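The structure appears below as structure tokens.
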Amino acid sequence: MSTEASDRNLWDSVRPYLEKESLAAFFVGMSSGFPYAMIGATLTTRLAQDGIDKKTVTAFTLAFLVYNLKVFWAWVVDGVRLPLLGRMGQRVSWMLLAGALVMAAVANLALVDPSADLGATVLAAVLVGVAGATFDIVIDAYRIETLKPYQLGTGSGMSQYGWRIGSAGAGAFVLVVSARYGWSAAYLICALFALPAMLTALVLGEPSRHREPVGKKGLGEVFTAIIGPFGEFFRRSGAWLVLVFILVHKVGDTLANLTFRLLFNDLGFTNDEIAIWDIGVGFWAYLIGIFIGGIAYTRMGLKNSVLLALVLMAVSNLSFAALAAAGHSNLGMAGAIGFENLASGYGGVVVVAYFSALCDLRYTAAQYALISASASVVGRFATGTTAGGLIEAMGYVNFYVLTTLLALPGVVLFWWMGRSGLVEAAMGTAGEERV
């Protein structure tokens, strides 16, 4: 795939959104987004309303680190054929199993009481993380192998549409239902958000570009299956520098995003205000950003569209510094959330498309797990270990200024990679027209 903008008219840029592969990416994205909401913003709100201190609340974000560890078992999704279910196909069978595990884990989280047993809540959140991470491994592989190379931009956009609807829908639903019937009922019903991906896999079947794994006959072959995906990636020109970019590009953004609900709680916003302004305005801004991202990826080319995304995501954190300085303001929340989600939606499309193009189709699940896990591990670890203390020591305004500064190294590094040709040199077969 060329990383430069192709000579297409506007309709050629929009048409892939309506193709069945892109629609499939939308539905699997819906299911991918909801486990994140269960242990992210909604759990943060639940813990804060139970009177649990900031350091403990932000420490719960360490549950997200399970997503960053998924690289260690992603090879299983590529290479292990499930008994009985396996006859339905490698991706379909794993989609059904992982979806069932997510539903069970969310139901378990619904039944714990953080104020009575914090340890059980931690364990339940980690289990949701494990199940959700496994679900993500399958969903990402299914999406990349279903999409054709020219659909990577729009398909990633549709996946992000689905992710946002799944996460925002589940998040808003939990807030509204919990205020009336309690947190347990809200979480139990939200477990059904796993169904769109499971049904999509059943209806569409195995992805068209999936390559069947080689049968494993002994320990040597198993060892090769584990290290093979990583060996292939790191043999590419500039692969180590690409990994450094993946590690640092989202540190500031991740560090900021996982603290927004603490800010809203301290500024005195109610659950209904959060549902309207954070989730409502953010939802539409995110959808607009996604649409712009899909068009921009096609018309601007990979390098220019990704560089713009990195700049926008860095600057967007400043809007929350302004909100913190202004205090409780619905208009201020709408502006900050709108800018943040517009930038995140745009960036999510073009950056995910770039990361998808880095995969070798022989090792889609394992390599994308490596990439996606690396993309947020530093920010999540920093959030879980230092964010609460930094906010208490610096205040919200200085904290969000700091997150903006932390995003700048990723911008500079990608600009240099583009100038030196390393962006093209590290591409995988998922980004090639013929494989």
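The values are calculated or read from the model by the stated rules, or taken from the named source; none is laboratory data. For clarity, every value in this text was computed on a predicted model and none was experimentally measured. Positions of Cβ are backbone-derived with ideal geometry, glycine not excepted, and every protein chain shown enters the neighbour counts. When the accessible area is computed, the model is the full protein with side chains, heavy atoms only, and any ligands, DNA or RNA have been set aside. Shrake-Rupley method; radii C 1.70, N 1.55, O 1.52, S 1.80 Å.
Go through region 125-154 residue by residue and tally those that are outside any helix (DSSP H, G or I) and open to solvent by less than 10 Å² (accessible area, probe 1.4 Å).
Count: 1.
Can you tell me which of (1) at pLDDT 75 or above; (2) buried (at least 24 other Cβ atoms within 10 Å of the Cβ) is the one Leu96 doesn't meet?
(2)
Can you say whether Thr385 is at pLDDT below 85, open to solvent by 40 Å² or more (accessible area, probe 1.4 Å) and among the polar types (S, T, N, Q), as far as the supplied structure shows?
Yes.
Sort out for me the helices (runs of 4 or more DSSP H) sitting completely within region 243-314 that have 3 or more residues that are closer than 30 Å to Leu358 by Cβ and in contact with a helix residue (DSSP H, G or I) (Cβ under 6 Å, 6 or more places away or on another chain).
251-257, 282-300
Considering only residues that are among the hydroxyl-bearing types (Ser, Thr, Tyr) and open to solvent by less than 20 Å² (accessible area, probe 1.4 Å), which ones fall in region 246-273?
Thr254, Thr259 - these are the residues of region 246-273 that are among the hydroxyl-bearing types (Ser, Thr, Tyr) and open to solvent by less than 20 Å² (accessible area, probe 1.4 Å).
In region 1-33, what count of residues is obtained for those that are at pLDDT 85 or above and of a type outside the set (Gly, Ala, Ser)?
Of the residues in that region, 7 qualify.
Within region 388-435, restricting attention to residues that are open to solvent by 60 Å² or more (accessible area, probe 1.4 Å) and modelled with pLDDT under 80, which residue is nearest to the chain's Cα centre (by Cα)?
The extreme case among them is Glu432.
Within region 84-124, take every residue that is hydroxyl-bearing (Ser, Thr, Tyr) and assigned to a helix (DSSP H, G or I) and give me the one that is farthest from Phe27 (Cα to Cα).
Thr121
Kindly indicate whether Arg236 is open to solvent by 20 Å² or more (accessible area, probe 1.4 Å), among the basic types (Lys, Arg) and outside any helix (DSSP H, G or I).
yes
Output yes when any residue across region 47-61 is among the charged types (D, E, K, R), within 27 Å of Phe264 (Cβ to Cβ), open to solvent by less than 50 Å² (accessible area, probe 1.4 Å) and at pLDDT below 85, and no when none is.
For region 47-61, residues among the charged types (D, E, K, R), within 27 Å of Phe264 (Cβ to Cβ), open to solvent by less than 50 Å² (accessible area, probe 1.4 Å) and at pLDDT below 85: absent.
Quick check, is Ile337 among the β-branched types (Val, Ile, Thr), open to solvent by less than 10 Å² (accessible area, probe 1.4 Å) and at pLDDT 90 or above?
yes
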